[in-house]
1. At a 10 Å Cβ-Cβ cut-off, how would you order 101, 406, fewest neighbours first?
2. Please list 3J(HN,Hα) in residue order for the range 131-142, calculated via the Karplus relation 6.51 cos²θ - 1.76 cosθ + 1.60 where θ = phi - 60°; whole Hz, with x for glycine and proline.
3. Checking the table 112/481; 163/328; 163/298; 294/328; 207/391 against a 27 Å threshold on Cα-Cα, which pairs fail?
4. Output ³J(HN,Hα) for the range 479-485: one whole-Hz value per residue in order, computed from phi by the Karplus curve 6.51 cos²θ - 1.76 cosθ + 1.60 with θ = phi - 60°, and x for Gly and Pro.
5. Highest first, please rank the peptides 319-332, 368-381, 72-85 by the mean number of other Cβ atoms sitting within 10 Å of their residues.
6. Order by neighbour count: 227, 233, fewest other Cβ atoms within 10 Å first, most last.
7. Ordered by residue, what ³J(HN,Hα) values in Hz, to whole numbers, does the range 271-287 give under the Karplus form 6.51 cos²θ - 1.76 cosθ + 1.60, where θ = phi - 60° and Gly and Pro are x?
8. What is the order of 273, 312, fewest Cβ neighbours within 10 Å to most?
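Coordinate-derived values only; no laboratory data. What you see is a predicted model, and the numbers here were worked out from it, not measured in a lab. Reconstructed Cβ throughout: ideal geometry from the backbone, glycine too, with neighbour counts over all protein chains shown.
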Amino acid sequence: MTAAVETRATAELRKQLHPQRWNLKAQGSTDASARIVQKDRAGVNRIEEEAMSFVEEPLDVLYSVQGMAPSHIDKDITANYEMENLELASGGFGKVFRATDRKHPERRVAIKSMLLSSTRRREMSENEVKIMKSLDHPNICKLFETYERAGLAYYVMELCEGKDLFDHLFDVDSPRLDEPTAAAVIRQLASALQYAHDKGIAHRDIKPENIMFTSEDPNCTDIKVIDWGVGHDFGERRMRHFAGTLRYCAPEVMQAESFLRRLSSYTAACDMWSVGVVLYAMLSGRLPFSGKQKELLKKMKKEQYSMGGKVWQSRSQDAKDLIQGLLKADPNMRFCPKDILQHPWITNSERHSEMPAAVAQQVLDNMKNFSHLGHFYSICVAAVVRQLGSKHLNEVHRMFCSLDRDGNGVLSVEEVQQGFSNLCHADSPEMQDLLKIVQMLDKDGSGSIDYNEFCAAAVGERIFQEESWLWAAFRSFDTLKDGQLSFEEIKAIFRGSDVSRVWHEDVLDAAAREALKRFDVTGDGAIDFEEFSQLMRHHTAAKKLAEAEKLRQGWSSEEHDAQASLDKLELQLHEMKAHDPYRIVNQMQEAHHDHLGRGLFRKVAILCKARPPATPQVPDQAKHGNA
């Protein structure tokens, strides 16, 4: 469904909400007045029906929550996060610290502080927040939320546990990387830049310090691009002002009007020059150009850099060719991100490892289950995923990257089909169901799926079992920071996503009231974290029990009795938030030992997501049933 499409019921509702458009002339007419009252009542009833549909009915389109990174003005960040004294990084525009969530210390984040000492700095801060909210890519650092107080801005971001590329290059005895590692870094960097450029955004400060490794593992090659402070949303316009770091910026940027007082402009191709400088440094351990500003510009314009000596003799011709294609003084002749991703040096070193069939099957099952969630729940799930880094998404993150064969940061229908072709054939019902899910995830009708939307659909039930993850999403909703979600905050959840492009404002108001009525267990007019967690877990448990109906085909009456007891026990455990599958199995054995054979024992264990003991203790009188 595209942004321009409304549900038929909503379109009808719009007519009902505006009596003046019914062509009813009610001047003094009792009959006309009665008809208007009836229409008003019908409109109210329809709003309530639509609201219940919004909360409960399965998705027909997924709503984006990408902009859901709340901003807190005049709020004390230290009330929620404890920052370490040791700086992770510092620069001319701010400092970065590691921090832990005070309520859930296992949740660790990076916090960047920036002094808003001038109008220019405030503009930069607002610009960076706007850009980071709009970017959704596996190799771009996520922004979770922002704070501002006493002239300081704070960005709460995804934590990269590893060093930056600068430390890898210049803080070790051998300041160079091997070609496979360098190729992996450049491929991810090019993917992030292609995604950003396609959205009309240039980074303008690509350098080793702004490329972070996600893990301390020395074998890890996963990176994130950080620091979009001088990024620019250029749209279809050319850029004119100097930005970036002198020795990494392109020659056309050095000639910008605010630097050498020359009138010149440039495009996003400036980022590709910087990628060339970074690649040169990774393979040689030094920068390609040196000297003072005018001398530096002269060498850049002449493409005067060395590829001689022992270091370059050991480098492949493909690597040299890629550098030469990036360090072109003429930006029109310079390689673009797509050229990098298709270059032999990248494609020949790329390892496309297929995900294990069991993982792919689990992801596929999770996507099917997600498609049955109600609209309200799907927004909550997407918001939880929005607050998770790639470390926590783990296999889902790797599945996305594995499916993204062209490296542009989004998944096409063809990529999804190809990725799951080993599980279901092109014409199979399973593939048709998958394509329907892809269509649902394609929120803007572009024919592609974004990173966060895929992860939300694929992550599965594990997301509800981690309290710190639910807490992160809940706090992003709790804008007043009073520990509960009010009617206005629930409405703000809807506004933070893009549901208003499909649903009428009055329906969303009614949906917020419906959510409050349904999930406010204590009746205090708000949803606290306990109630929020319970509604998420209970809804998932109910969906799982509905799916379990499929396993009941052909069961005996005794087995159905056992399953009914299991359903009751499992819902009770979800409400108690003490999910212990073996306890369920043991209770089932005690309650139904006369009918519970080994086969049913295993079915029960599977339904509970538990691995049964190798030789379950089944009473002798039950062994004849399903052994």
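1. Sorted ascending by nearby Cβ count, the order is 406, 101.
2. 5, 5, 5, 8, 9, 9, 9, x, 10, 10, 4, 7
3. Values: 112/481 21 Å; 163/328 30 Å; 163/298 33 Å; 294/328 18 Å; 207/391 23 Å.
Over 27 Å Cα-Cα: 163/328; 163/298.
4. 5, 7, 6, 10, x, 8, 9
5. For the peptides 319-332, 368-381, 72-85, the packing ranking is 368-381, 319-332, 72-85.
6. On the way: 227 24, 233 14.
Fewest-to-most ranking of 227, 233: 233, 227.
7. These are the phi-based 3J(HN,Hα) values: 5, 6, 4, 4, 4, x, 5, 4, 5, 4, 5, 5, 8, 10, x, 8, 8 Hz.
8. In order of increasing Cβ crowding within 10 Å: 312, 273.
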